[in-house]
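The values are calculated or read from the model by the stated rules, or taken from the named source; none is laboratory data. Quantities reported herein were computed from a predicted structural model and do not represent experimental measurements. Note that each Cβ is placed from the backbone with ideal geometry, even for glycine, and that neighbours are counted across all protein chains shown.
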There are 4 protein chains.
Amino acid sequence: MEFASDNTSGTAPEIMAALSAINAGYAPSYGTDPAMDRVRAMIREVFEAPEAAVYLVNNGTTANSLSLATYCPPWGAVYCHDTAHVELDECGAPEFFIGGGKLVKVPGEHGKMTPGALRTAIGATPQGFVHSVQRAVVTLTNTTEAGTVYSAAELSALCAVAKEFGLPVHLDGARFANALVSTNASPAEMSWKAGVDILSFGGTKNGCMGVEAVVLFDPAKAWEFELRRKRGGHLFSKHRYLSAQMEAYLTDDLWLRLARDANNRATELEAAILSAPGASPLYPREANMVFASLPRGRHRRAMAAGAHYYLWPHDATLDGPDDQPVSARFVCSWCTTEAEVDAFAALIHGRD
Amino acid sequence: MEFASDNTSGTAPEIMAALSAINAGYAPSYGTDPAMDRVRAMIREVFEAPEAAVYLVNNGTTANSLSLATYCPPWGAVYCHDTAHVELDECGAPEFFIGGGKLVKVPGEHGKMTPGALRTAIGATPQGFVHSVQRAVVTLTNTTEAGTVYSAAELSALCAVAKEFGLPVHLDGARFANALVSTNASPAEMSWKAGVDILSFGGTKNGCMGVEAVVLFDPAKAWEFELRRKRGGHLFSKHRYLSAQMEAYLTDDLWLRLARDANNRATELEAAILSAPGASPLYPREANMVFASLPRGRHRRAMAAGAHYYLWPHDATLDGPDDQPVSARFVCSWCTTEAEVDAFAALIHGRD
Amino acid sequence: MEFASDNTSGTAPEIMAALSAINAGYAPSYGTDPAMDRVRAMIREVFEAPEAAVYLVNNGTTANSLSLATYCPPWGAVYCHDTAHVELDECGAPEFFIGGGKLVKVPGEHGKMTPGALRTAIGATPQGFVHSVQRAVVTLTNTTEAGTVYSAAELSALCAVAKEFGLPVHLDGARFANALVSTNASPAEMSWKAGVDILSFGGTKNGCMGVEAVVLFDPAKAWEFELRRKRGGHLFSKHRYLSAQMEAYLTDDLWLRLARDANNRATELEAAILSAPGASPLYPREANMVFASLPRGRHRRAMAAGAHYYLWPHDATLDGPDDQPVSARFVCSWCTTEAEVDAFAALIHGRD
Amino acid sequence: MEFASDNTSGTAPEIMAALSAINAGYAPSYGTDPAMDRVRAMIREVFEAPEAAVYLVNNGTTANSLSLATYCPPWGAVYCHDTAHVELDECGAPEFFIGGGKLVKVPGEHGKMTPGALRTAIGATPQGFVHSVQRAVVTLTNTTEAGTVYSAAELSALCAVAKEFGLPVHLDGARFANALVSTNASPAEMSWKAGVDILSFGGTKNGCMGVEAVVLFDPAKAWEFELRRKRGGHLFSKHRYLSAQMEAYLTDDLWLRLARDANNRATELEAAILSAPGASPLYPREANMVFASLPRGRHRRAMAAGAHYYLWPHDATLDGPDDQPVSARFVCSWCTTEAEVDAFAALIHGRD
């Protein structure tokens, strides 16, 4: 009953197999391996973006920070949601890579910005006023940190606001696959067709060992990106092992199957939770995460029995009356089983 | 006949097996996995350093840059050899992580500093003079970039100079194992007993997929290091895959066997090269790299037949008379075979 | 009728005279001038802080940024008021000098934080959680950007919250003198006795040409501060001209007289404004700035007649109906005259 | 007998008078003062550069660092002379403002690079090789740190090398005026006509209180420069006092007269020194600085009598035999008198 995070899961068997397969013999290092050529071609095809520059790094913080630094000068403002990973969970990595910068928080329910709130936030940064940081880039997250999903139309509306101000858009897609299978949109519609300029395309949380692609739909800054990656210590030496993961991930739609499995388990888990006595939803469930409240006594019982997940927000606690509702985050991954969901359901429903 | 670099090699079978083995089930992320506890204990034992703080990252540039930044303030001077990897091959990563700083080059034959040259370089940075960068840290490399090896006594003499000035010492040990098996010293003698404060302990070039340990013999700055690692994007999410590599690497002295194999192949290769007509050594061969000159015509023949290695230095060229000597770097790795060495020998000896 | 800012004023005659007087002959450069020794002694006496380290720089952005960088590591959080100068008016200078960092905004009415809001903000930064920036320093502003003043007791209460969390406190005292004469407290009570660790002690806005002192009540980081000042380009070459300003400023309580004059003019201006038809206060007036609303028509008339001041906030506009109230900021300085106040009063009261 | 530095001198009377004159009344702040408009026009005229962007800061370290940062990305190489002020005397300020970067030292006699040495240095930075810092900008110094002067032709030849590689050129002109009057060239010939893109135009060392202009002959990066200046804390608040200095400095060729006086005193001082028994020149004297050796006993006598200057290099010492030659640097400024030179001559010639 592991629902703590999608990064406590292992590597999908197809991806482990690909790592073993690519291990034979010598291969050029530092991204010049033939597998990287195949990966580049696959990503361009998946995204219908034949000109895109594609790079691999090994986690999301890196993909995000390098992307933002590529588009934000040291005196720039990055507009992000209040609860964005770049703001809360990266120990100031974006500011480190940017060499300063300022993350400007945009409020919004359920982890999502509205076009109006974004417009207000950007507008509040004085333009051409030397005493202020300067408007630089908008970053969106899909799947959001609240487990909700922007539709292609919602993304387009937000990107349109960025474009009103002439700003580029970054998309943190650590859970891009989960968002994609939650909608009927294509990868292109969920990225550049909506107005996204640079994408962190996640693999790690969805069954890879540790790989994310950064996709620059406009390749103008590709060389700068390569230099930033190298000097950040993020140019993998034996690069074939990043390539192999991403190649396997994209082959035969493995990435979509893994994400669909995760989302399906979350759907089942949500049903199990919300039917428990005293339960209530915190945010709409739209991908692979469930945010909901349960009476504290039920959390205690589940955790005592080995269920692993986090109360939400960070400062929530198990101390207090049994019947008081306490909210929590439950994450399903590509390898969450129906049995785990059922076992958890039994616990919180009190069916011992 | 691959002698271009030790990073064109693959992953040793024992390490691939460990990755597969650790893949089952869930594991805590971000370095809290049980395998990391085992790795920490093993490294402390190998280095006879029960208090050392140990962290894993996935390449040498990162290990070096984080180490230097931990000991060098933004206005500090780092003393390194003229040809150090940190100076020539990291695209300014040390300066990025330090937030400025200045690498001060110490000259020396065969990739090695002498105590006198180091003392002169440190002494030339004015002390307590606010207009100058301030003396901060000495960084040594063993195996050096010229393929030579500092003995424990030589390391001690250099560290003693650093200590004269109260400076800490970093050791870039991307090829630490190759240096170790080239001497009769222990890991402790080749590091903290000689005066090294922080060590980049290489795995990648010696049969790992991508992992280096950073060993802080004085753990006082451990938490700072953790924060620097995170904000640099170098805290691996599914960390068990770094741990598993390092665990297998250290198990049953695999790391020493791999390094010994590489060094032995280099010994054979050196003999083959130096017995070729017109050949001469460039630097003493003491680990897994051979630097030597061959008549240009012999390079041409070898390369035409598929031998892969780099002329040295970077701007050397195949253009010119056949009988003119041109130097080159030949690297052997854990997986270089005797057959490869023999085939190359045949080529350059003209035994078709 | 100049009420735009206290930095449109010139230099007080006593200070200009001191600059001329110190011009004769040669003087040691870079802060080793005898006048600096006198300044150091005077500031230590004024603040009853015989151990304090004292440095001069030439503007407030610099004093603040160097101070924060001295106490905040690159991965640290700086707690400041929503409207703090460091957040809104320094183009990201604090983040530049810190080498990253994150300014965390603390809300509060009338430009002032409450202890509760500060405690909440600090508490919301997870402690010892490597994914988050780390709690580093609290910065307060007195006189605040809203023209209000923290009493010594209020400062103490805020500093006490910082100390609960073990955090040092910086005080942005660009208008320290105006705050001081507005209370009955001593310089020590308004700084280190309240818990302030490092102070930007303003001179420029209060009659100097361009000089601020940074006072480190704990001199432990004095040498680091000197290096940061130098590498920021802020070690003045012909330093005697900074010293002379500060010396004259502190001589015979000139600084207090200048601030008292400014505050008195603001008191008169406030009375004149608030007695105008349709006027209302925006914030309590406690030092040399008046924030108040007037019917738009009265602003138009005043500005047309040459009165110079800013509507508040930045996006307020003169466009719209005459009788609609629009707020504005009016700043008095050491050289504002009663005649200017009277002339302005006549305009807005419609006494032509 | 003050020959320690040109920054121990005071402010020229014409410049002090201008500061007093501009003090009356109110003036717009932050560079929008009318005097700045006049300064911009004057500099454009002096340099025959009607499109140039012109900014004022208050010292040379700042002018240099901001200039280099504007043209050098964080992963860039700056080519400078071994003994350049940016390398030796700015505590890493260029690296701070650049956000990393690497200063690559170009050797050369008498403080001057040759085109060949510059070409070699640039060529040694591998091009398009992601592991290396990238060629970014060349910085020259005129008057050099050795007191020698590049002619316009020499500057042109060096800039031509930079242009071969497509690199922009910065000129550190802290002593630009001294170089100019030492040749028959025009300001334009000594800057943009030779190929200089951005100039630190010094005032402080030549009679100003503390002001340098940065001249961007190509104004494309003007706004970026303004933002960098602000976030570095270098946008002067009461800016009129920078403008007034520069305006007076340029009025009626004051700057040229002051520099000519300094150079003339140095010519006289050189003659006095070199005619002393046991004296010999260290570098050719071409502007306002004399580098020469004297027997140690003569230094002792001069210093004991109150002569103030520095032995050269930093680690030279008065300890040792009387007749041993020791070299020193002697700097004349706009206010050095013939009487000072004569008094010093008498001392070292032993005419008591």
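Right, D:Pro50: within 7 Å of another protein chain (Cβ to nearest Cβ), on the phi < 0 side of the Ramachandran plot and more than 21 Å from the chain's Cα centre (by Cα) or not?
For D:Pro50, the condition - within 7 Å of another protein chain (Cβ to nearest Cβ), on the phi < 0 side of the Ramachandran plot and more than 21 Å from the chain's Cα centre (by Cα) - is not met.
Residue-wise test of (1) assigned to a loop (DSSP other than H, G, I, E, B); (2) of a type in the set (D, E, K, R); (3) surrounded by 24 or more Cβ atoms within 10 Å (Cβ to Cβ); (4) within 14 Å of chain B (Cβ to nearest Cβ).
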residue	(1), (2), (3), (4)
D:Ser132	yes, no, no, yes
D:Thr143	yes, no, yes, no
D:Val149	yes, no, yes, no
D:Ser156	no, no, no, no
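May I ask you to verify whether A:Ala12 is crowded, with 23+ Cβ neighbours inside 10 Å, among the aliphatic types (A, V, I, L, M), modelled with pLDDT of 95 or more and under 30 Å from A:Ala346 (Cβ atoms)?
For A:Ala12, the condition - crowded, with 23+ Cβ neighbours inside 10 Å, among the aliphatic types (A, V, I, L, M), modelled with pLDDT of 95 or more and under 30 Å from A:Ala346 (Cβ atoms) - is met.
Restricting the first residue to region A:220-237 and requiring it to be closer than 15 Å to A:Asn58 by Cβ, which pairs with a second residue that is of a type in the set (D, E, K, R) meet a Cβ separation below 6 Å and a spacing of at least six or different chains?
Listed by first residue and then by second, the contacts come to A:Leu235/A:Arg229.
Given the residues A:Val46, A:Val54, which is the only one that is touching a Leu at 6+ places or on another chain (Cβ under 7 Å) and at pLDDT 95 or above?
A:Val46
Give the residue, chosen from B:Asp82, B:Asp89, that is touching a Ser or Thr at 6+ places or on another chain (Cβ under 9 Å), under 30 Å from D:Leu68 (Cα atoms) and surrounded by fewer than 23 Cβ atoms within 10 Å (Cβ to Cβ).
Selected residue: B:Asp89, the only one of B:Asp82, B:Asp89 that is touching a Ser or Thr at 6+ places or on another chain (Cβ under 9 Å), under 30 Å from D:Leu68 (Cα atoms) and surrounded by fewer than 23 Cβ atoms within 10 Å (Cβ to Cβ).
Just the residues that are more than 31 Å from the chain's Cα centre (by Cα) and under 20 Å from C:Gln127 (Cα atoms), please, taken from region A:315-330. Break it down into steps so the answer makes sense when it comes.
Here is the first cut: in region A:315-330, the residues more than 31 Å from the chain's Cα centre (by Cα) are A:319-324.
Hit for region A:315-330 is A:Asp319, nothing else.
Each row is one residue, and each column tells you yes or no for (1) in contact with a Ser or Thr (Cβ under 7 Å, 6 or more places away or on another chain); (2) buried (at least 23 other Cβ atoms within 10 Å of the Cβ); (3) not assigned by TED's automatic domain parsing to the domain that holds B:Lys102.
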position	(1), (2), (3)
B:Pro34	no, no, no
B:Arg38	no, no, no
B:Glu48	no, no, no
B:Val57	no, yes, no
B:Thr61	no, yes, no
B:Asn64	yes, yes, no
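Within region A:178-210, count every residue that is in contact with a strand residue (DSSP E or B) (Cβ under 7 Å, 6 or more places away or on another chain) and within 30 Å of B:Ile22 (Cα to Cα).
5
Go through region C:194-211 residue by residue and tally those that are touching a residue at least 60 places away in the same chain (Cβ under 8 Å), away from chain D (no Cβ under 12 Å) and assigned to a loop (DSSP other than H, G, I, E, B).
The qualifying residues number 1.
If you go through region C:141-158, how many residues are of a type in the set (A, V, I, L, M, F, W, C) and over 11 Å from C:Gly195 (Cα atoms)?
The number of residues fulfilling the criteria is 2.
Is it fair to say B:Ala179 is touching a residue at least 40 places away in the same chain (Cβ under 8 Å), within 14 Å of chain D (Cβ to nearest Cβ) and within 23 Å of B:Ala53 (Cβ to Cβ)?
No, not satisfied.
Give the number of residues within region D:323-352 that are part of a strand (DSSP E or B), within 17 Å of D:Glu286 (Cα to Cα) and not small (Gly, Ala, Ser).
Matching residues across region D:323-352 total 3.
Listed residues B:Ala220, B:Ala302; which is closer than 26 Å to C:Gln127 by Cα, hydrophobic (A, V, I, L, M, F, W, C) and part of a helix (DSSP H, G or I)?
When all the criteria are applied, what remains is B:Ala220.
Do we find that A:Gly60 is touching a strand residue (DSSP E or B) at 6+ places or on another chain (Cβ under 8 Å), within 13 Å of chain B (Cβ to nearest Cβ) and small (Gly, Ala, Ser) in this structure?
It is true that A:Gly60 is touching a strand residue (DSSP E or B) at 6+ places or on another chain (Cβ under 8 Å), within 13 Å of chain B (Cβ to nearest Cβ) and small (Gly, Ala, Ser).
So D:Phe330 fits all but one of (1) crowded, with 22+ Cβ neighbours inside 10 Å; (2) under 30 Å from C:Val57 (Cβ atoms); what number is the exception?
Among (1) crowded, with 22+ Cβ neighbours inside 10 Å; (2) under 30 Å from C:Val57 (Cβ atoms), the lone unmet condition for D:Phe330 is (2).
Out of all the residues in region A:173-193, which are buried (at least 24 other Cβ atoms within 10 Å of the Cβ) and assigned to a loop (DSSP other than H, G, I, E, B)?
Matches in region A:173-193: A:Ala174, A:Arg175, A:Met190, A:Ser191.
When the residues of region B:1-46 are filtered to those that are away from every other protein chain (no Cβ under 11 Å) and among the acidic types (Asp, Glu), which remaining residue is nearest to B:Ala222 (Cα to Cα)?
B:Asp37
Give region C:70-118 a look and list any residue that's more than 9 Å from chain D (Cβ to nearest Cβ), within 19 Å of D:Leu235 (Cβ to Cβ) and either touching a Lys or Arg at 6+ places or on another chain (Cβ under 6 Å) or not in a helix (DSSP H, G or I) (or both), or say none.
Passing the criteria: C:Ala84, C:Asp89.
Residues to consider are B:Gly320, B:Gly297; find the one that is more than 30 Å from A:Ala24 (Cα to Cα), not in a loop (DSSP other than H, G, I, E, B) and not assigned by TED's automatic domain parsing to the domain that holds B:Gly202.
None of the other options fit; the residue is B:Gly297.
Within region B:119-128, which residues are assigned to a loop (DSSP other than H, G, I, E, B) and surrounded by 14 or more Cβ atoms within 10 Å (Cβ to Cβ)?
B:Ala124, B:Thr125, B:Pro126 - these are the residues of region B:119-128 that are assigned to a loop (DSSP other than H, G, I, E, B) and surrounded by 14 or more Cβ atoms within 10 Å (Cβ to Cβ).
Confirm whether D:Phe225 is within 14 Å of chain C (Cβ to nearest Cβ), under 25 Å from D:Asn142 (Cα atoms) and either touching a Ser or Thr at 6+ places or on another chain (Cβ under 7 Å) or part of a loop (DSSP other than H, G, I, E, B) (or both).
For D:Phe225, the condition - within 14 Å of chain C (Cβ to nearest Cβ), under 25 Å from D:Asn142 (Cα atoms) and either touching a Ser or Thr at 6+ places or on another chain (Cβ under 7 Å) or part of a loop (DSSP other than H, G, I, E, B) (or both) - is met.
With the condition kept exactly as written, say whether any residue in region B:246-261 is under 30 Å from A:Leu66 (Cα atoms), within 14 Å of chain A (Cβ to nearest Cβ), part of a helix (DSSP H, G or I) and modelled with pLDDT of 95 or more.
No, every residue in region B:246-261 fails to be under 30 Å from A:Leu66 (Cα atoms), within 14 Å of chain A (Cβ to nearest Cβ), part of a helix (DSSP H, G or I) and modelled with pLDDT of 95 or more.
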